[in-house]
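Colleague: One structure follows; several queries about it will come next.
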Amino acid sequence: MQQLHLPYAGEEQYSRMVLIDRGVPPVAIRILDPHINNTADELRLVSNELQSHPGATVAVVTSKAHTRRVRSIWKVIAKEKNRDHLLVRAAPQDPFDSEHWWRSTNDALSVAREYLGLLNAWFGLPLTHSR
C-alpha cells in the first residue's frame, strides 16, 4: 500500500488499537523501528531494545501455530545476545485447530510454514527474508 501511495496505517497501528481496546495503557505500548520483514528480524529488534531495559520481560502474542517457532527463534537470538526474558502466548481467539489442522487448507499451510521456519531456526537461521 505504501508503494502505491495509498493510506495504510500499518499492522503495528492496528495491533496498538487492539491492545488499547483490551485495556493496555497507551504509554505501555512501544512501536519499534525499523519496519521488519519476518519473525527473526522482529525478535532481534526486541532483543536489541531489551539492552536498554535490563531485567525486563517482553510478552509476545502470536497465532497458536506460531508459538513454537517464536520460542525456537528466540533461543537462537537469546543465545547470540545473552537474553532470555520472553513470554510467548497464543492469541485466545485464534481459530487454528491444532488437533485437526489437516482438515483446513489455512491450518495445513500454517503447519507447513511453521515446520519450514522451525528447520531454519534449528539450523541457526541461515535463511533470511529476500528483500
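Colleague: If a residue must be at pLDDT below 90 and over 20 Å from residue 98 (Cα atoms), how many such residues does the range 60-75 contain?
Modeller: Of the residues in the range 60-75, 1 are at pLDDT below 90 and over 20 Å from residue 98 (Cα atoms).
Colleague: Also, I was wondering about something else. Could you say whether any residue in the range 38-53 is of a type in the set (S, T, N, Q), under 11 Å from the mean Cα position of the chain (by Cα) and surrounded by fewer than 17 Cβ atoms within 10 Å (Cβ to Cβ)?
Modeller: yes
Colleague: From the set of residues in the range 119-131 that are without any contact (Cβ under 8 Å) to a residue 40 or more places away in the chain and in a loop (DSSP other than H, G, I, E, B), which is surrounded by the most Cβ atoms within 10 Å (Cβ to Cβ)?
Modeller: 127
Colleague: Here's another thing I want to ask about it. So which of 87, 109, 116 ends up being assigned by TED's automatic domain parsing to the domain that holds residue 41 and in contact (Cβ under 8 Å) with a residue 12 or more places away in the chain?
Modeller: Selected residue: 87, the only one of 87, 109, 116 that is assigned by TED's automatic domain parsing to the domain that holds residue 41 and in contact (Cβ under 8 Å) with a residue 12 or more places away in the chain.
Colleague: Go through the residues of the range 13-33 one by one and say whether even a single one is aromatic (Phe, Trp, Tyr) and either exposed (fewer than 15 other Cβ atoms within 10 Å of the Cβ) or on the phi > 0 side of the Ramachandran plot (or both).
Modeller: For the range 13-33, residues aromatic (Phe, Trp, Tyr) and either exposed (fewer than 15 other Cβ atoms within 10 Å of the Cβ) or on the phi > 0 side of the Ramachandran plot (or both): present.
Colleague: List the helices (runs of 4 or more DSSP H) inside the range 1-113, counting only whole elements, that have at least 3 residues being under 18 Å from residue 129 (Cβ atoms) and touching a helix residue (DSSP H, G or I) at 6+ places or on another chain (Cβ under 9 Å).
Modeller: Fully inside the range 1-113 and qualifying: 39-50, 67-81.
Colleague: Failed condition for residue 89, given (1) within 19 Å of residue 44 (Cβ to Cβ); (2) touching a strand residue (DSSP E or B) at 6+ places or on another chain (Cβ under 9 Å), with all others met?
Modeller: (1)
Colleague: Follow-up question, since we're still on this one. Any residue in the range 17-37 that is in contact (Cβ under 8 Å) with a residue 60 or more places away in the chain sitting within a Cβ distance under 8 Å of a residue that is surrounded by 10 or more Cβ atoms within 10 Å (Cβ to Cβ)? List the pairs, counting only those 6 or more apart or interchain.
Modeller: Every condition considered, the pairs that remain are 37/129.
Colleague: Looking at residue 113, is it among the basic types (Lys, Arg) and either buried (at least 16 other Cβ atoms within 10 Å of the Cβ) or farther than 14 Å from residue 64 by Cβ (or both)?
Modeller: The answer is no for residue 113.
The values are calculated or read from the model by the stated rules, or taken from the named source; none is laboratory data. These numbers were taken from a predicted model, which means no experiment stands behind them. Note that we place each Cβ from the backbone using ideal geometry, even for glycine, and neighbour counts take in every protein chain shown.
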